[in-house]
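I have placed the structure first, in the form of structure tokens, so that the comments after it can refer back to it.
The values are calculated or read from the model by the stated rules, or taken from the named source; none is laboratory data. Keep in mind the model is a prediction, meaning the values are calculated, not measured. Cβ: placed from backbone, ideal geometry, glycine included. Neighbour counts: every protein chain shown.
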Amino acid sequence: MNYYLKSAYYQAGLLRSRVPIASALQDSQMSEENKRKLNLAQEARGFAERELGLKHTDNYTSFVQLDRPYVTYVVAAAMRTELKAYNWWFPIVGSLPYKGFFNPEDAKAEAEALKARGYDTFTRGVSAYSTLGWFNDPLLSSMLSYRDYDLVNTIIHETTHATIYIKSQADFNERLAVFIGNIGAREFYLRKEGSDSRTLKAMDDDLADEADFAAFIAQEMRLLEKWYQERQNTVIDEVERKTRFKEIQERFITDLRPRLRSANSYKNFDSIELNNARLLNYRLYIENLNDFELVFKKLGSDFAKMLAFCKSLEGTADPKAELARAAATP
């Protein structure tokens, strides 16, 4: 069975497994904690549409109990001696620097095939994803393991994808969703619990850590790109590369980790296996969020205006460049 048929088969099975949220809340086998999170997700969904101006859909009005910790498994790949992502092409969404699989063995096989061709690879489990409005996405049991504000952030993040998605511009789309998810979740708790909320304090610590880590990893990737360029006419063996990656992690230990505020933020960065694909995953999601922040402030911190501006970039050749220009304009 080819990739598209297999994906359609699993997606259809997922949709057939949906039950209305009201039914899930009446399920005696579901814990009270998970029922509380289902209600929180509904509250976040309403807030995203009503207060942030995100698209009204029937997403997250149903629930699916999975038999596994992740709903899909995503494979990313990159050139071995260059910080350049391997891209796949798909109908509708265009070019993407990752490929998702419902079956972990299929993801493993894809990664192994790419490794055999000389690419760096990175495979991760995914607890939530968006079908961009093509189907009514359910809440998944995998999402209920999130902390409360991470669940709220995820609902807003995925609803942003359903509202705005520019073909073949994955980095712009992901960073926009991260940005709207971050500030939208913060606004949700600001209104729900007030400015002295403990939840808000924890969120602010996480966001500050994310900004610091983004600056750190962006600088390290610039240095790594220069390192590769200086060796473009030589053979770089794997021992040499691993030593270079270890140097990044050592600088993290000495320069950044002591300043991190949250116990949950990037604490294990020094113990993971680094390669180009994994580093590019950080770039995909959190690099240059400052441009979104600057434009948002120029628009009066108005969510509707921000979404309208980002939607106006759909017809441009390079939405990232247009965003940067708008951010730099006095």
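Against the condition of a type outside the set (Val, Ile, Thr), surrounded by fewer than 18 Cβ atoms within 10 Å (Cβ to Cβ) and within 19 Å of Gln42 (Cβ to Cβ), how does Asn153 come out, does it pass? If you could, list the steps in order and put the result at the bottom.
Values: of a type outside the set (Val, Ile, Thr): yes; surrounded by fewer than 18 Cβ atoms within 10 Å (Cβ to Cβ): no; within 19 Å of Gln42 (Cβ to Cβ): yes.
No; evaluated as a whole, the condition is false for this residue.
Can you name the helices (runs of 4 or more DSSP H) wholly within the stretch 253-330 that have at least 2 residues being touching a residue at least 24 places away in the same chain (Cβ under 8 Å) and among the polar types (S, T, N, Q)? Before the answer, list the steps.
On the way: elements: 276-286, 289-298, 303-311, 319-328.
Qualifying helices (runs of 4 or more DSSP H): 276-286.
Determine, yes or no, whether Lys55 is closer than 26 Å to Val235 by Cα and either out of contact with any Phe, Trp or Tyr (no Cβ under 6 Å at 6 or more places or on another chain) or crowded, with 19+ Cβ neighbours inside 10 Å (or both). Explain how you work it out, then say what you get.
On the way: closer than 26 Å to Val235 by Cα: no; either out of contact with any Phe, Trp or Tyr (no Cβ under 6 Å at 6 or more places or on another chain) or crowded, with 19+ Cβ neighbours inside 10 Å (or both): yes.
No; evaluated as a whole, the condition is false for this residue.
If you check Gly125, Gly46, which single one turns out to be surrounded by fewer than 18 Cβ atoms within 10 Å (Cβ to Cβ), among the small types (Gly, Ala, Ser) and out of contact with any Lys or Arg (no Cβ under 9 Å at 6 or more places or on another chain)?
Working: Gly125 fails: out of contact with any Lys or Arg (no Cβ under 9 Å at 6 or more places or on another chain).
It is Gly46.
Has the stretch 18-37 got any residue that is assigned to a helix (DSSP H, G or I), touching a residue at least 60 places away in the same chain (Cβ under 8 Å) and either within 20 Å of Ala177 (Cα to Cα) or under 21 Å from the mean Cα position of the chain (by Cα) (or both)?
Yes.
Can you tell me how many residues in the stretch 232-277 are over 24 Å from the mean Cα position of the chain (by Cα) and not basic (Lys, Arg)?
First, pick out the residues of the stretch 232-277 that are over 24 Å from the mean Cα position of the chain (by Cα): 232-244, 246-247, 250-251, 253-255, 258.
Next, only the ones that are not basic (Lys, Arg) stay: 232-240, 243, 247, 250, 253-255, 258.
The qualifying residues number 16.
Collect the residues in the stretch 63-89 that are surrounded by fewer than 15 Cβ atoms within 10 Å (Cβ to Cβ) and in a strand (DSSP E or B), keeping them in residue-number order.
Trp89
Can you list the strands (runs of 3 or more DSSP E) lying wholly within the stretch 91-203 that have 1 or more residues being aliphatic (A, V, I, L, M)?
On the way: elements: 94-96, 99-101, 120-126.
The strands (runs of 3 or more DSSP E) meeting that bar are 94-96, 120-126.
Sort out which residues of the stretch 239-267 are touching a Lys or Arg at 6+ places or on another chain (Cβ under 9 Å) and hydroxyl-bearing (Ser, Thr, Tyr), and write them in order of number.
Selection gives Tyr266 alone.
Give the residue, chosen from Leu207, Leu190, Leu176, that is modelled with pLDDT under 95 and closer than 22 Å to Lys305 by Cβ.
Details: Leu190 fails: modelled with pLDDT under 95; Leu176 fails: modelled with pLDDT under 95.
Result of the check over Leu207, Leu190, Leu176: Leu207.
Residue check, Ala8 against (1) under 27 Å from Ala107 (Cβ atoms); (2) touching a Ser or Thr at 6+ places or on another chain (Cβ under 9 Å); (3) of a type in the set (Gly, Ala, Ser), all met but one. Which one?
Of everything listed in (1) under 27 Å from Ala107 (Cβ atoms); (2) touching a Ser or Thr at 6+ places or on another chain (Cβ under 9 Å); (3) of a type in the set (Gly, Ala, Ser), Ala8 misses just condition (2).
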